[in-house]
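Q: Would you mind keeping the following structure in view while I ask a few things?
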Amino acid sequence: MDRLTEEQAKTIANMLRKRSLWMIHYCTGCGAIELPPTMTSRYDMSRFGLAPFVTPRQSDILLVTGYVNIKTLRRIITVYEQMLDPKYVIGFGSCPINGGVYWDSYSVIKRLDRYIPVDLYIAGCMPRPEAVITAFRTLMDMIDQGKADGYKRYKRNLAYYKENQRKVLG
Amino acid sequence: MVIDKIFFTIITPIFAFAVGLSFMMIKLKVSARIERRYGPPIIQPIYNILKLLLKEENISHGVIFSLGPVIALAGSILTVLFIPYAGIKLFTGSGDLIALMYIMVIGSLGMALGAGESANPNASIGISRALTLMLGYDLPFVIIIISVVLYYHTTNLADIVAAQAHGHWTLWSLPLSAIVGFVVAYGALGEHPFDIITAPHEVATGPMVEYGGKHLGFLVINHAFHIYIEIALFVDLFLGGATNVLWFYVKMFAVFFIMMLFDEVYPRFKIDDAVRFFWKWPTIVALISLIIVLVK
Amino acid sequence: MNASLELLLATPFIGGLLAFIGGKVHRWIRNLIAIIFSFATAFEIIGYYNVTIKGIVWGKLFGSDLILQTNPITWLFLFIVTSASFLIVLFSIDDMRKEEDELKLDAYYMYLLFVEGAMVGIVLAGDLITFFMFWEIMSWTSYFLIIHGGKRSMAAGYKYIIMSVIGAYAMFLAMAMLYAKAHSLVYTDVANVLLHSSPAFVIWTIVLLAIGFFVKAAVMPLHTWLPDAHSEAPSPVSPLLSGVLIKMGAYGLFVVLYGLISVKLAGSLMPSVFSTPLLLYIIQWLAALSIVLATFLAIMQEDAKRLLAYSSISQIGYVVLGIATGTSLGVAGGLFHALNHAIFKGLLFLVVGAVIYRTGTRNLSELGGLIKKMPFSFVALLLGIIALAGVPPLNGFVSKWMIYEALLQKKEVFLLIMAFVGSTGAFLYVYRLVHSIFLGQLPKKYENVKDVPILMQIPIWVLALLTIVLGIMPGLAMNVIVKGMAFFGFKPIAYNLFGFPQGTAMGALTTINISAGLAIAFVVAWILFILFPKSRKVSQYDNYAAGQVVTEDLKYNYSYGFYMSFSRVIKPILKWSIERVYNYWVEAAKIFGDYYMRRIYTGNLETYNAYIVIVITLAAAFVLLGGKIW
């Protein structure tokens, strides 16, 4: 048997990764209410190998469900940095995209991907479970094609992200 | 003869892992069906293990933190070699049932040490609960072990299996012990209602809180071994072992299937309630069984 | 090498005196003398390996010969005493340096060597007078060692000596009874007399002697002095007390049960339960209760040395339980456990002593994370706790296995259940020990702690090595124990270097297979482990806290009340305390004493004058009557 090239090994690893995605849901806002139906019998996201987990060390996906204010941002960054590579971030609902209904609030972050790299957004207020599952499937495709490289971007542009974080957090 | 022994020494842990893994697979599917879900693909546990092992980054809090899962796995591999299955008895002559009881602890000890070094209170609470629960189910466990040993006048597990092959299963001769043995094996597996150790919502998966990546992968592998050990021991003690691998697997599966059903319906015990439970009904029933053996 | 028994006995005493005098010159001369003489004692016993000497008369008192003798069992205990003392002297050199009062230190080394000499004397004694003499020397010198620690140890030592004296009275009473009957207290004479005595006499003798031994061995309910004394004593003294001194109680019990009377005799005197004479069965129950209750108490402790002290009560329970079984396997297991307990408990106390030396506290909730600063101590402690918990492949497992098997053979199931539960309970408190000291979060104040000096590490390593050697090769100890037990009329048990073949017990044990299997399994798992990406080391503050950032000033550690939930379960048991019963009697005695003392010591000068007159009159009458009252 020939030795696997690095490229092939990566493909196999990505194949496995997309079939087993464990997520930690950081329930900052009202978005969390859409997750129970997604997890339970009605939509059953475990069909795709998705499972909710508790600690950042065990998880692959960070799901930020809802608005992020400055206080929670610090926690989100901690959680994100504690996760192990490869790790993916999904922004859930319109709040992480542009602030949503909190667009003019003094204490809410407008765009999450200025602070941590977001691989995928799910638009909607709230997105239905169907949309959530579609998002996960899209993320799987992205992993398969090697496009979900947020964690690499974070490392590459660490100075940029840190600068942005410092501006808000002080 | 020596070649045989080496061959089986290599093949036994693999067999044990395969059995444990197959049970993990089936369990996911069965529990999904009970909850009226479709459930994950049947080989989901393999994906999980491989994904964990292939994580690009791993973190460690120190040497013992990394060694914890390794010692746990080593202890499990060693234990598996001492349990006779399907007529194959490798190390059974070098350590009897009592030695086995303490060999089984080696893995847990490694796990506990590793989790302790993560310097996380959730892990410490988890270990504290695990050890407390262990003291809880140990009391009925030793009583049934003693009754079985006194019934067969030997502590050699292979001889106990052989004696059952010639007579009745222990399940029929000592039914009360068998019932308690089932409860104890079930408690040792840490399924509902005894899963307060790893309760995700209270103590963030307990001892595993800081484990991720390949460390967690090793712990999942270890869990497969753990399932095998508890159930194989039960089958050897009470269901007469087996003469071939298939029959052994079927017996193990029957035991595990009943356990799965229990797992689905129960909520969680508080840890002191779990200990009180074990020290009450299982202990009383086991003592009755022991006295029956003594009087006979 | 071929020193005579008298010289062996005298060496530590001479060393103690010389050390005290040497201390007046320079402290290093004193230290050197202490090391040399304790080593010489340990060296002299080599010549007595598996040697039996029936008896050397070294004096005469009350018409009874004073005899020294030795046999392999004696050698086993000599080995425990002398090697432990030597290691403890080594450990003391650095550990006791913080003591500024040189005079106190001189006395410390003198008493240390005197205790060693006294224990050598007890073990070598061939008659009860010698035994009792050295027994009392041991009690008093160890009392002086205990009170070395300061004010709190004063109270602990007081409790210790009071209980020791009560035990000694009981023993003295038994000796007086025997002397009145035999007019000699040589073991062989006493054994002859007991053979032809009434059952009541024999039973009373055993009971009284056993009270004396049980106080020293801290078998419940006579244990209350131990947790205080062992925890308040200076760090190097605790291993001597816990590892060695309490074994003297077990040795005494062994000599009385099998040297003075035999199981056969005991069996003919009283009814048997589970084929054990009733008295032995009661002793076994006391031992089993010690095992379980002391284990439960150890689980509750917050103080490292107190935890170990309670664990000593529990482990000595196994020794007594084994010795009292009366079968070859059980007694061998009990004696082997005495050796093993000396090794691992000495090891644990020394490591805890090392931790105290560096951090200055033994409060478990104040420590933590020291594995990064004291890795060698951690490994040593780990070996110690594995041995203590009776987990293969270390030595504690083998001796416990023998005791379990012996109890199984005799079908003493209820004792066996208690022994098992005590062993599982041991996992709880040993994990507490290793977790709260070495694992968990490292407090900021211990940032600059490092491992102890080499002179303190040597004893730790020697003991750690012994746990492994005896765990893999129990045959080494069995060589001595089985030969010695033949001397006391036991059937030899079958054994080999690596364990016990089928037929000795209800099952077989081959320790080398277990340890080799574990080593191979570990290597396999380790190779699998390093195949995958290397781990990145993170600091202890980079930790899961539900998103919160853990900072240095935050104590993010679970170490106080580690088994709170378990203590809720056993609360009904903890309500009962034998200590409270004793305190009740003490109070009662005090009130009684106060009341009647006031009647005699009225504080009135005339009353005292009257006493003087009465006494003088009586004395004069006594003299006038020619020293005869009637």
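What follows draws every value from the coordinates through simple rules; no lab data is involved. The model shown is predicted, which means the values in this text are computed figures rather than measured ones. Note that each Cβ is placed from the backbone with ideal geometry, even for glycine, and that neighbours are counted across all protein chains shown.
Q: Any idea which of B:Y211, C:V202, C:A380 is furthest toward the positive side of the dipole for the protein assembly as shown, if Lys and Arg beta-carbons carry +1 and Asp and Glu beta-carbons -1?
A: Farthest towards the positive end: B:Y211.
Q: Given q = 0.06, 0.10, 0.11 Å⁻¹, what are the Debye log10 I(q)/I(0) values for chain C, with equal point scatterers placed on the Cα positions and solvent ignored?
A: So the normalised log intensities work out to -0.35, -0.93, -1.11.
Q: Separate question: To make sure I understand, if each residue's beta carbon is the centre and we count other beta carbons within 10 Å, what order do B:R36, A:R19, C:R432 fall in, fewest to most? Each step should come with its number before you reach the end.
A: Numbers: B:R36 10, A:R19 22, C:R432 26.
Fewest-to-most Cβ neighbours within 10 Å comes out as B:R36, A:R19, C:R432.
Q: Where a Cα-Cα gap under 12 Å defines reach, which aspartates and glutamates qualify for B:K55, not counting those fewer than 8 residues away within the same chain?
A: Cα-Cα hits under 12 Å: A:D60, A:D85.
Q: Using every Cα-Cα pair within chain A, state what percent have a distance larger than 25 Å.
A: Details: 4433 of 14365 pairs.
The proportion of pairs with Cα distances above 25 Å equals 31 percent.
Q: Calculate the FRET efficiency for A:W103 and C:V586 from the Cβ-Cβ distance with a Förster distance of 56 Å, rounded to the nearest 0.05.
A: Working: r = 78 Å, r/R0 = 1.39.
Calculated value: 0.10.
Q: If you don't mind, there's one more thing I want to ask. Report the calculated FRET efficiency for C:Y560 and C:E99 (r = Cβ-Cβ distance, R0 = 35 Å), to the nearest 0.05.
A: For C:Y560 and C:E99, the calculated efficiency is 0.70.
Q: Once you have the Cα-Cα distance between C:I162 and C:W204, take 0.36 nm times their residue separation minus that, and quote the gain in nm to one decimal.
A: Values: separation 42, 0.36 × 42 = 15.12 nm, distance 2.23 nm.
Extra length available between C:I162 and C:W204 comes to 12.9 nm.
Q: Bin all alpha-carbon pair distances of region C:271-530 at 5 Å intervals from 0 and give each bin's fraction as a whole percent.
A: All Cα pairs, binned at 5 Å, distribute as 1, 6, 13, 16, 17, 15, 12, 9, 5, 3, 1, 0, 0 percent.
Q: Using label points projected 7 Å from each Cα along Cα→Cβ, tell me how many nm separate B:I26 and C:Y611, to one decimal.
A: Taking the two extended label points, one gets 8.8 nm.
Q: How big is the Rg/Rh ratio for the protein assembly as shown, C-alpha atoms only, Rh by Kirkwood, two decimals?
A: Numbers: Rg = 33.3 Å, Rh = 32.1 Å.
Here Rg/Rh amounts to 1.04.
Q: Then there's this: Show me, for region C:418-424, the HN-Hα J-couplings you get by feeding each phi into the Karplus relation (A = 6.51, B = -1.76, C = 1.60, θ = phi - 60°), rounded to Hz, glycine and proline as x.
A: 5, 4, 5, 5, x, 5, 5
Q: Further question: Counting pairs of alpha carbon atoms under 8 Å apart in space and at least six apart in sequence, what relative contact order in percent does region A:6-169 give?
A: Numbers: 271 pairs, mean separation 37.9, N = 164.
Normalised by residue count, the contact order of region A:6-169 is 23 percent.
Q: Starting from the Cα gyration tensor of region C:482-630, take the square roots of the eigenvalues, sort them a ≥ b ≥ c, and report rounded, prolate or oblate (rounded when a/c is under 1.5, otherwise prolate if a/b is larger than b/c, else oblate).
A: In terms of gyration-tensor shape, oblate.
Q: Trypsin sites (Lys or Arg not before Pro) within region A:54-157: which are DSSP loop residues with at most 13 other Cβ atoms inside 10 Å?
A: Details: sites: A:R57, A:K71, A:R74, A:R75, A:K87, A:K110, A:R111, A:R114, A:R137, A:K147, A:K152, A:R153, A:K155, A:R156; in loops: A:K87, A:K110, A:R111, A:K147.
Passing sites in region A:54-157 are A:K147.
Q: Over the whole of A:19-25, what's the average partner chain Cβ count within 10 Å per residue? Rounded to a whole number, please. Walk me through the numbers on the way to the answer.
A: Details: counts 9, 11, 2, 5, 0, 1, 0.
The shielding value for this peptide is 4.
Q: Could you give the dipole magnitude of the protein assembly as shown about its Cα centre, charging the beta-carbon of Lys and Arg +1 and that of Asp and Glu -1, in debye to the nearest 20? Walk me through the numbers before you get to the answer.
A: Values: 85 positive and 64 negative charges, 343 e Å.
Computed about the Cα centre, the dipole is about 1640 debye.
Q: Let me ask something else about it. Below 8 Å, C-alpha to C-alpha, sequence gap of six or more: please give me the relative contact order for chain C in percent. Walk me through the numbers on the way to the answer.
A: Values: 965 pairs, mean separation 74.1, N = 630.
About 12 percent, as a whole number.
Q: Now for a different question. Compute the distance from the alpha-carbon center of region C:42-58 to that of region B:12-31, in whole Å.
A: 61
Q: Under the rule a/c < 1.5 gives rounded, and otherwise a/b versus b/c splits prolate from oblate, where does region C:2-82 land using the Cα gyration tensor?
A: Details: a/c = 3.38, a/b = 1.60, b/c = 2.11.
It comes out oblate by the Cα gyration axes.
Q: What's the center-to-center distance, using Cα atoms, between region C:275-342 and region A:106-149 in Å?
A: Cα centroid of region C:275-342 versus Cα centroid of region A:106-149: 63 Å apart.
Q: So how far apart, in nm, are the two label points at A:T134 and A:L158 if each is 7 Å from Cα heading toward Cβ?
A: 3.8
Q: If you build the convex hull over the alpha carbons only and average its shadow over all orientations, what do you get for region C:578-624? Give it in nm² to one decimal. Numbers along the way, then the final one.
A: Values: hull surface 19.1 nm².
Taking the Cα atoms of region C:578-624, their convex hull projects to 4.8 nm² on average.
Q: With +1 on the Cβ of every Lys and Arg and -1 on the Cβ of every Asp and Glu, and nothing else charged, how large is the dipole of chain B about its Cα centre, in debye rounded to the nearest 20? Intermediate results must be reported in sequence, preceding the final value.
A: Details: 17 positive and 18 negative charges, 101 e Å.
The dipole of chain B has a size of about 480 debye.
Q: OK, next. May I ask for log10 I(q)/I(0) of region C:148-240 at q = 0.14 Å⁻¹, from a Debye sum over the Cα atoms as equal point scatterers with solvent left out?
A: Debye curve over Cα of region C:148-240, log10 I(q)/I(0) at q = 0.14 Å⁻¹: -0.60.
Q: Using alpha-carbon positions, what is the distance between the centroids of region A:9-30 and region C:503-532, in Å?
A: Cα centroid to Cα centroid, the span is 37 Å.
Q: Modelled label-to-label distance, C:A180 and C:K571, 7 Å Cα→beta-carbon offset: nm?
A: Computed distance between label sites C:A180 and C:K571 equals 5.2 nm.
Q: Where in region C:533-571 are there chymotrypsin sites (Phe, Trp or Tyr not before Pro) that are in a DSSP coil and have at most 15 other Cβ atoms within 10 angstrom of their Cβ?
A: Values: sites: C:Y541, C:Y544, C:Y556, C:Y558, C:Y560, C:F562, C:Y563, C:F566; in loops: C:Y541, C:Y544, C:Y556, C:Y558, C:Y560, C:F562, C:Y563.
Passing sites in region C:533-571 are C:Y541, C:Y560.
Q: Can I ask one more? When only DSSP loop residues count, what trypsin sites (Lys or Arg not before Pro) in region B:257-288 have their Cβ near at most 15 other Cβ atoms within 10 Å? Each step should come with its number before you reach the end.
A: Working: sites: B:R268, B:K270, B:R276, B:K280; in loops: B:R268, B:K270.
Those satisfying the criteria are B:R268, B:K270.
Q: Something else about it: Based on the Cβ-Cβ distance from A:R47 to C:V523, what FRET efficiency comes out when R0 is 30 Å, to the nearest 0.05? If you can, show how the numbers build up before the last one.
A: Working: r = 40 Å, r/R0 = 1.34.
Efficiency, from the Cβ-Cβ distance: 0.15.
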